Amino acid sequence: MAAKKRLYRSKDNKVISGVFGGLGEYFEIDSTILRLGWLLVVVFTGVFPGIFVYIVATLIVPRKA
């Protein structure tokens, strides 16, 4: 039986809290691409929505044990 895939904040691949490192590990893509995409979203939608979503993700997504 295959192990269930879970989303965690990364302990190894982190810049601030490991949210994008964990997303990169979960979706098996480079976390740098996710960080650049997030930066574009922040630039084009305004700073507040992007920062708010990142803070919420940091609070909701558990740390990898």
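Annotations for the structure displayed:
- J(HN,Hα) series, segment 52-60, from Karplus relation 6.51 cos²θ - 1.76 cosθ + 1.60, nearest Hz, glycine and proline x: 4, 5, 5, 5, 5, 4, 4, 6, 8
- With a cut-off of 11 Å between beta carbons, the residues surrounding residue 64 carry a summed charge of +3, where Lys and Arg count +1 and Asp and Glu -1.
- Gaussian network model of the chain, springs between alpha carbon atoms under 10 Å - residue of 33, 55, 16 with greatest fluctuation: 16
- Gap separating the Cα centres of segment 11-31 and segment 41-64, nearest whole Å: 14 Å
- Mean residue ellipticity at 222 nm, helices only, the chain: -18500 deg cm²/dmol; runs of at least 4 DSSP H residues each add -39,500 (n - 2.57), and the sum is divided by the number of residues.
- Candidate cross-link partners of residue 11 among the aspartates and glutamates, defined by an alpha-carbon separation under 14 Å and a same-chain spacing of 8 or more, comprise 25.
- Taking every C-alpha pair closer than 8 Å and separated by at least 6 residues, the mean separation divided by the residue count of the chain gives a relative contact order of 35 percent.
- In this structure the amide hydrogen of residue 9, modeled in the peptide plane, comes within under 5 Å of the amide hydrogens of 63, 64, none closer than 5 places in sequence on its chain.
- Neighbours of residue 19, meaning other residues whose beta-carbon lies under 15 angstrom from its beta-carbon, give a summed charge of +4 when Lys and Arg score +1 and Asp and Glu score -1.
- Compactness index (Cα Rg / 2.2 N^0.38 Å), segment 19-60: 1.15
Laboratory data are not the source of any read-out in this text; all were calculated from the coordinates shown. Computed from a predicted structure; not experimentally measured. Virtual Cβ from ideal backbone geometry, glycine too; neighbours counted across all protein chains shown.
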